[in-house]
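The values are calculated or read from the model by the stated rules, or taken from the named source; none is laboratory data. Note that the structure is predicted; figures quoted are calculated from it, not measured. Please note: Cβ atoms are built from the backbone with ideal geometry, for glycine as well, and neighbour counts cover all protein chains shown. These accessible areas exclude ligands, DNA and RNA; they are computed on the full protein's heavy atoms, side chains included. Shrake-Rupley method; radii C 1.70, N 1.55, O 1.52, S 1.80 Å.
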Amino acid sequence: MSNFSKAFSSTLGKKLIMGLTGLFLSLFLVVHLIGNLQLFKDDGGKAFNEYSFFMTHFTPIKIVSYLLYASIILHAVYALILTTANKKARPVGYAVTKGEANSTWSSRNMGILGTILLIFIVVHMSNFWAQYHWGKLPYARYEMNLNDATDVQVTELPFDGKHLVHSQYVDTQKGTEVVVAKDLYKIVSESFKQWWYVVLYVVSMIAMGFHLYHGFQSGFQTLGFDHSKYKPLIDFLGLWVFSIIIPAIFAAMPLYFFFLK
Amino acid sequence: MNLTLKVWRQKNANDKGGFVTYKADSISQDMSFLEMLDVVNEGLTKKGEDPIHFDHDCREGICGMCSLYINGRPHGPKRAITTCQLHMRSFKDGETITIEPWRATAFPVIKDLAVDRSAFDRIQQAGGYVSVNTGGIPDANEIPIPKTIADEAFNSATCIQCGACVAACKNASASLFVSAKISQLALLPQGQPERYRRVQAMVAQMDAEGFGSCTNTGACEIECPKEISLTNINRMRRDYFNAKFFKEEEID
Ligand code: SF4
Ligand code: FES
């Protein structure tokens, strides 16, 4: 075995894969969140649908998205491998354990939290991502007055296999710009009107908050980063940004559609 | 004080084992936990029963022999002490105390509460040393070492090899122990020539012994009687990745 593969089959190396993929997924969350803020725009979903098209058709982003899928799979598979090995390292458990005396609840429940997140990702991706790629999505037609940006006419169109995913043209005679796009916004807003869907999302985001409360700073440690000068910054970001602000804004999306739309 | 003890009894490594309940009456608050067990054992011996096996040696917190997982925590409820330094005043009169051995595949039970910690010795033998003859006494100031580094190396060197870190870890990981042994040499000039071979060899041995992998819960740091810090584990990782990905030194 080469030194390289030996490194990745050690416990430290396997954890390195967990840490790298985990931190990459955390970084992705930031991008995903910023993009999804388009959902809060009151424009009949135009900005969101244009963003969806961009994210699925711009080559550099497509490449990164394959990395992302690989990361999700690797993170889950290695979690399973490591957990199994760790269970084998202590086949006979303790009758009494007081974990709360020496570690955080999050750090002791990463597997359960991760499983909730995996189920969530599967549901989430099959409803939106897979639908957008292969589903029979309706279309939306946006007709904008070129002289008045606030004047937008929205028409819903049924699914039509002949339509392009996205088209755009300027009608100089009418003085309008017309965009016809796959209407993912409609799918999202309809899903978020079902109560169980909202519950699933909110619960999953709480799980994500707890997962990242331990995971974000732990990822850096797994890579060997722990200098006392920047550890406080990592802990601060892990708590406030990754386990509170980001999950809260994500959870606000279904709540917004359920209660305010 | 009067106590009820739930003690793990196991004849040998192959026995299934189980809990046996004992009464420990008229125990003084000033006794150490081990002295309390001595009293119980005296009673058992007088009755002709097999006394409870547990490890101990120095009884002053320096040898690392005493163990015991007491009421869900290694070395009992107090911070930064070993079981021999734990006094009975840390318990309430009438309390039920559950006593278990360290639990890990790499630490098989020898008998009752005594476990075989020779896995730690084998990890040390894999690289936890400096291979030069000591020679004559060098001048004290010949090799200057900054105070912060010397202190840090000294802190790492205080590890007494007790195994509480493994016992406390939900993954039965030996990372705190191994990283302390790596750090105490990696930080000092004398440890440099073998630094990158050492870290690879000791980590490989740690994995071969069947310890789990570290998920940074921090339980070891809290339960370590010598307060060895997590920084050691991160230093071990840096040295290990450095060795594997950027250095020439390879181990077979
Ligand atoms: S690191 Fe601490 S808990 Fe682990 S063996 Fe050394 S002294 Fe014991
Ligand atoms: S008996 Fe030596 S440390 Fe407890």
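Points to keep in mind about this one:
- Against the test of being under 28 Å from residue A:56 (Cβ atoms) and assigned to a loop (DSSP other than H, G, I, E, B), the options A:193, A:186, A:229 yield a single qualifying residue, A:193.
- On the stretch given as region B:192-250, residues that are of a type outside the set (A, V, I, L, M, F, W, C), closer than 25 Å to residue A:111 by Cβ, open to solvent by 20 Å² or more (accessible area, probe 1.4 Å) and at the interface with chain A (Cβ under 7 Å from one of its Cβ atoms) total 4.
- Selection status of residue B:20, part of a helix (DSSP H, G or I), away from ligand 1 (no atom under 16 Å from the Cβ) and not assigned by TED's automatic domain parsing to the domain that holds residue B:204: no
- Scanning region B:36-59 for residues being under 15 Å from the mean Cα position of the chain (by Cα) and more than 6 Å from ligand 2 (Cβ to nearest atom) gives a total of 2.
- Among the criteria (1) modelled with pLDDT under 95; (2) within 30 Å of residue B:21 (Cα to Cα), the one residue A:54 does not fulfil is (2).
- Within region B:118-163, considering residues that are among the charged types (D, E, K, R) and in a helix (DSSP H, G or I), the one most open to solvent (accessible area, probe 1.4 Å): B:147
- Selection of first residues in region A:235-251 that are free of Cβ contacts under 8 Å to residues at least 24 places away in the same chain and of second residues that are polar (S, T, N, Q), restricted to Cβ pairs under 7 Å at least 6 apart or on distinct chains, gives the following pairs, ordered by first then second residue: A:235/A:217.
- Selection of region A:57-108 for residues being among the polar types (S, T, N, Q) and either more than 17 Å from residue A:211 (Cβ to Cβ) or facing chain B (nearest Cβ under 10 Å) (or both) yields A:59, A:65, A:83, A:84, A:86, A:97, A:102, A:103, A:104, A:106, A:107.
- Pick from region B:90-107, criterion within 30 Å of residue B:210 (Cα to Cα) and in a loop (DSSP other than H, G, I, E, B), ranking: most open to solvent (accessible area, probe 1.4 Å): B:105
- Region B:226-243, residues that are over 13 Å from residue B:202 (Cβ atoms) and either in a loop (DSSP other than H, G, I, E, B) or touching a Gly at 6+ places or on another chain (Cβ under 9 Å) (or both): B:226, B:227, B:228, B:229, B:230, B:234, B:238, B:241, B:242
- In the set A:210, A:192, only one residue is under 30 Å from residue B:213 (Cβ atoms) and surrounded by 13 or more Cβ atoms within 10 Å (Cβ to Cβ); that residue is A:210.
- Residues located in region B:164-191, provided they are within 14 Å of chain A (Cβ to nearest Cβ), buried (at least 24 other Cβ atoms within 10 Å of the Cβ) and small (Gly, Ala, Ser): B:164, B:167, B:168, B:172, B:173, B:174, B:175, B:179, B:183
- Checked against the criterion of being in the same structural domain as residue B:16 (by TED's automatic domain parsing) and either touching a strand residue (DSSP E or B) at 6+ places or on another chain (Cβ under 8 Å) or touching a residue at least 40 places away in the same chain (Cβ under 8 Å) (or both), the candidates B:122, B:89 yield just one match: B:89.
- Once region A:109-118 is narrowed to residues that are open to solvent by 60 Å² or more (accessible area, probe 1.4 Å) and free of Cβ contacts under 8 Å to residues at least 40 places away in the same chain, the residue that is farthest from the other protein chains (Cβ to nearest Cβ) is A:115.
- Sub-7 Å Cβ pairs linking a first residue in region A:1-24 that is within 8 Å of chain B (Cβ to nearest Cβ) and under 19 Å from residue B:202 (Cβ atoms) to a second residue that is among the charged types (D, E, K, R) and open to solvent by 60 Å² or more (accessible area, probe 1.4 Å), at least 6 apart or interchain, are A:3/B:250, ordered by first then second residue.
- Yes/no for residue B:62 being in contact (Cβ under 8 Å) with a residue 60 or more places away in the chain and open to solvent by less than 10 Å² (accessible area, probe 1.4 Å): no
- Top-ranked residue in region B:79-89 [being within 13 Å of ligand 2 (Cβ to nearest atom) and in a loop (DSSP other than H, G, I, E, B); ranked as nearest to the other protein chains (Cβ to nearest Cβ)]: B:80
- One residue stands out in region B:45-71 among those that are closer than 18 Å to residue B:107 by Cα and within 14 Å of chain A (Cβ to nearest Cβ): the one that is farthest from ligand 1 (Cβ to nearest atom), namely B:70.
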